[in-house]
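Below: the structure, in structure tokens.
Since every read-out is calculated from the coordinates, none of them should be taken as a lab result. Being a predicted model, the structure only gives us computed values, none of them experimental.
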Amino acid sequence: MYLKKEGMTVMNKEMLHRMKIAGEYQRKAIRVLFPEEMGKHLDAIETEMKMMVMEAAAELLKNCNKCDACRDEQSHEQASKVKKVDIV
């Protein structure tokens, strides 16, 4: 069951598939709790939540890239401060 296939084990693919199915069942269970007329509202809320998560992830990645750039700049500054000294 631990056979490697395209960088991901078969077991991991199966677990990912099961998690997706579980998510679909959760979505259906939540929808059943509300009246059918609220379906459009739930769709709108779901779309907005997805957009918010994507925006938050993009902002996080942007901030991580800034931090990496700052670190690279600091390491370059430290490297440029070092002077070569000949020992006689």
Next item on the list: Please turn the phi angles of the range 43-60 into ³J(HN,Hα) values with the Karplus equation 6.51 cos²θ - 1.76 cosθ + 1.60 (θ = phi - 60°), one per residue in order, whole Hz, x for glycine and proline.
Entry: 4, 5, 5, 4, 5, 4, 5, 4, 5, 5, 5, 5, 5, 5, 5, 5, 5, 4
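Multiply the residue separation of K28 and K66 by 0.36 nm, subtract the distance between their alpha-carbon atoms, and state the gained length in nm to one decimal. Show your work: numbers first, answer last.
Values: separation 38, 0.36 × 38 = 13.68 nm, distance 4.00 nm.
Roughly 9.7 nm would be gained on extension.
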